[in-house]
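Here's the structure, in structure tokens; my notes come after.
The values are calculated or read from the model by the stated rules, or taken from the named source; none is laboratory data. Worth saying up front: this structure is predicted, and the values here are computed from it rather than measured. Virtual Cβ from ideal backbone geometry, glycine too; neighbours counted across all protein chains shown. These accessible areas exclude ligands, DNA and RNA; they are computed on the full protein's heavy atoms, side chains included. Shrake-Rupley method; radii C 1.70, N 1.55, O 1.52, S 1.80 Å.
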Amino acid sequence: PPPYPAPHLLLPRDGEAFSLANDSVTLQWASVGELRENERYQVTIEDITDGTGQRRDVAYVTDTKYLVPVSLRPQETTPHVMRWFVTVVRQEGTTSRGEPVFVSGGSASIKRDFTWSGSPASSATATPEP
């Protein structure tokens, strides 16, 4: 089949900020068309403020939205820049351990950033009432 066009990212807007008050961040994009049984959207999110490349999430979904795992939320109050993009992939077999092998099925979307602030566990305690 011909390659899919790059998905058009919808939300969040580029540069949008989220804080501790935001329990979750949902990424949304426009459909590129009906996906086949072996096709998925590959959603890649990376905490680029971290600088190690360790705080990264890659997910494979059939829907046009993805809830960013809370495990990626920074643990400090300093805002972290999170970069994300989406592309269509096709499963072409499995590894010897039974994990799917995906190959590109089209162009990647543009990359967008959002910022997300967390809070250290020590400051998450409730304020005592008088």
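Data table
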| item | result |
| --- | --- |
| Any hit, segment 97-106, residues being in contact (Cβ under 8 Å) with a residue 60 or more places away in the chain, under 18 Å from S19 (Cα atoms) and assigned to a loop (DSSP other than H, G, I, E, B) | no |
| Subset of segment 59-96 [among the polar types (S, T, N, Q), open to solvent by 60 Å² or more (accessible area, probe 1.4 Å) and more than 22 Å from L20 (Cα to Cα)] | T62, Q91, T94, S96 |
| Search result, residues across segment 25-39 that are open to solvent by 50 Å² or more (accessible area, probe 1.4 Å), in contact (Cβ under 8 Å) with a residue 40 or more places away in the chain and either touching a helix residue (DSSP H, G or I) at 6+ places or on another chain (Cβ under 6 Å) or assigned to a loop (DSSP other than H, G, I, E, B) (or both) | R36, N38 |
| Flag if Q91 is part of a strand (DSSP E or B) and polar (S, T, N, Q) | yes |
| Residue match in segment 13-24 (condition: open to solvent by less than 30 Å² (accessible area, probe 1.4 Å), more than 13 Å from S104 (Cβ to Cβ) and aliphatic (A, V, I, L, M)) | no |
| Output for segment 40-58, where each listed residue is touching a residue at least 40 places away in the same chain (Cβ under 8 Å) and either open to solvent by less than 40 Å² (accessible area, probe 1.4 Å) or within 20 Å of P79 (Cβ to Cβ) (or both) | Y41, Q42, V43, T44, I48 |
| Number of positions in segment 15-41 that are over 15 Å from the mean Cα position of the chain (by Cα) and under 28 Å from T94 (Cα atoms) | 9 |
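Okay, residues lined up against (1) more than 16 Å from R112 (Cβ to Cβ); (2) at pLDDT 95 or above; (3) of a type in the set (V, I, T):
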position	(1), (2), (3)
L10	no, yes, no
L27	no, yes, no
T44	no, yes, yes
D50	yes, no, no
Q54	yes, no, no
T77	yes, no, yes
